[in-house]
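What follows is a short report on a single structure.
The values are calculated or read from the model by the stated rules, or taken from the named source; none is laboratory data. Here the structure is a predicted model, which is why all the values come from computation and not from measurement. Positions of Cβ are backbone-derived with ideal geometry, glycine not excepted, and every protein chain shown enters the neighbour counts. Side chains are part of the model used for accessible areas, which takes the heavy atoms of the whole protein and leaves out ligands, DNA and RNA. Shrake-Rupley method; radii C 1.70, N 1.55, O 1.52, S 1.80 Å.
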Amino acid sequence: MSHPTGTPVPDAPARSVPAPAAPPEPADAAPVLAEVVRSGFVEGRHRGSLVVLAADGSVQWSLGDATAPVFPRSTNKPMQAAAVLRAGLDLSGERLALAAASHSGEPFHLELVTTMLAEHGLTAEQLQTPPDLPLDPVEAETYLAGGGRRAPLTMNCSGKHTAMLAACRVAGWPTQTYLDPDHPLQQLVLTGIRSAAGEEVTHVGTDGCGAPLMALSLTGLARAFRHFVTAEPGSPERRVADAMRAHPEYVAGTRRPDTWLMRALPGTLAKMGAEAVQALALPDGRALAFKVEDGATRTLGPILARVLRRMGVGEEAEEVLARIEDQPLLGGGHRVGSIRAAF
């Protein structure tokens, strides 16, 4: 087996260890979605909720409470990208995909953000993203080795913020306050999220990048992703979905599961968010969304692979599913366990 970065990891000698008895669960506890298994011992459990929609949009099955509000984090980005189109910004192709991205900070990401800023008479100093390193650990090491420092441009949301600033320029709206929840652009985002999700936003907070963050239920989030892939061609939602699916490496990066899945399953729209949120819609209208309560993003791959297999998606994407679910645990440099789905 290989570590997700591609580095081979030798297997440790197998040891026979009796499985411990699970402790009693609180009556109101969310179900366990993933387990941490080290040397045959379950040393940790990750709880959460998920929902799967049928092609007609009805709830096919769920675990936990899929009606409770959660912060979708970066799974909101397709809705934010649709809003910049509604504001009058004409984006397509890689540029529109980058507007909906949590990019890895690879050179082609940073180059296109810089180009987009220049195209609209903007500068990196106008970005209100917090200074950060590239999201991808490999890129972060390369960037630091080359003398790079934390900067707003290298933060993974810089493509989205560039599009927001450019939309403000086109619409004649103030750029200094583009992250204010009452700003006309953010009100467009709010309206679009309500419409796509088919429900009211229950709470507005602040995302890690500083943008307003609208809370939805997991069912509403899955409905929103379904809406994007089934929307009329040429609509803002469909334009965003088409750009993301055509250029997934700009949505995530070359070493990211969202990219691999959108490449392996043509027509699929996939986006992860911080604090272990994942949403995905298949081209036939089936969709899913889940959230792990403790925010452990290492669980996303194993859970997502298990859900997709239960949905009947496997044979055509087995190589990628096996790749994303392989989350090894190391001991002394050897593989001694893994994170696995528990449902």
Across the range 263-282, what is the total count of residues that are of a type in the set (Lys, Arg) and either over 9 Å from the mean Cα position of the chain (by Cα) or open to solvent by 10 Å² or more (accessible area, probe 1.4 Å) (or both)?
1
Tally of residues being out of contact with any strand residue (DSSP E or B) (no Cβ under 6 Å at 6 or more places or on another chain), in a helix (DSSP H, G or I) and open to solvent by 30 Å² or more (accessible area, probe 1.4 Å) across the range 201-239
5
I'd like to check something: does the range 101-122 contain any residue that is open to solvent by 20 Å² or more (accessible area, probe 1.4 Å) and assigned to a loop (DSSP other than H, G, I, E, B)?
yes
Kindly establish whether Arg15 is open to solvent by 40 Å² or more (accessible area, probe 1.4 Å) and modelled with pLDDT of 75 or more.
no
Within the range 42-85, restricting attention to residues that are over 30 Å from Gly337 (Cα atoms) and in a strand (DSSP E or B), which residue is least open to solvent (accessible area, probe 1.4 Å)?
Leu53
Only unsatisfied item for Ser158, checking (1) surrounded by 21 or more Cβ atoms within 10 Å (Cβ to Cβ); (2) in contact with a helix residue (DSSP H, G or I) (Cβ under 7 Å, 6 or more places away or on another chain); (3) without any contact (Cβ under 8 Å) to a residue 24 or more places away in the chain, is (3)
Could you tell me which of the residues Pro134, Pro107, Pro72, Pro78 is without any contact (Cβ under 8 Å) to a residue 40 or more places away in the chain and in contact with a helix residue (DSSP H, G or I) (Cβ under 6 Å, 6 or more places away or on another chain)?
Pro134
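Here's the yes/no breakdown for (1) at pLDDT below 95; (2) part of a strand (DSSP E or B); (3) touching a strand residue (DSSP E or B) at 6+ places or on another chain (Cβ under 9 Å):
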site: Met272; (1), (2), (3): no, yes, yes
site: Lys291; (1), (2), (3): no, yes, yes
site: Gly301; (1), (2), (3): no, no, yes
site: Ala317; (1), (2), (3): yes, no, no
site: Leu330; (1), (2), (3): no, yes, yes
Leading residue by the ranking (nearest to Ser158 (Cα to Cα)) among those in the range 244-262 that are among the small types (Gly, Ala, Ser) and open to solvent by less than 10 Å² (accessible area, probe 1.4 Å)
Ala252
Just wondering, is there one or more residues in the range 185-197 that are open to solvent by 20 Å² or more (accessible area, probe 1.4 Å), in a loop (DSSP other than H, G, I, E, B) and without any contact (Cβ under 8 Å) to a residue 60 or more places away in the chain?
no
Output the number of the condition that Gly285 fails; it satisfies all remaining conditions of (1) outside any helix (DSSP H, G or I); (2) of a type outside the set (A, V, I, L, M, F, W, C); (3) open to solvent by 10 Å² or more (accessible area, probe 1.4 Å).
(3)
Based on this model, can you work out whether Gln128 counts as open to solvent by 20 Å² or more (accessible area, probe 1.4 Å) and assigned to a strand (DSSP E or B)?
no
Kindly indicate the residue of the range 297-342 that is surrounded by fewer than 20 Cβ atoms within 10 Å (Cβ to Cβ) and among the small types (Gly, Ala, Ser) and also nearest to the chain's Cα centre (by Cα) among those meeting that condition.
Ala322
Taking only the range 86-97 into account, find how many residues are of a type in the set (Gly, Ala, Ser) and surrounded by 17 or more Cβ atoms within 10 Å (Cβ to Cβ).
2
With the structure loaded, tell me whether Asp180 is open to solvent by 60 Å² or more (accessible area, probe 1.4 Å), under 13 Å from Ala100 (Cβ atoms) and either touching a strand residue (DSSP E or B) at 6+ places or on another chain (Cβ under 9 Å) or of a type in the set (Asp, Glu) (or both) or whether it fails that test.
no
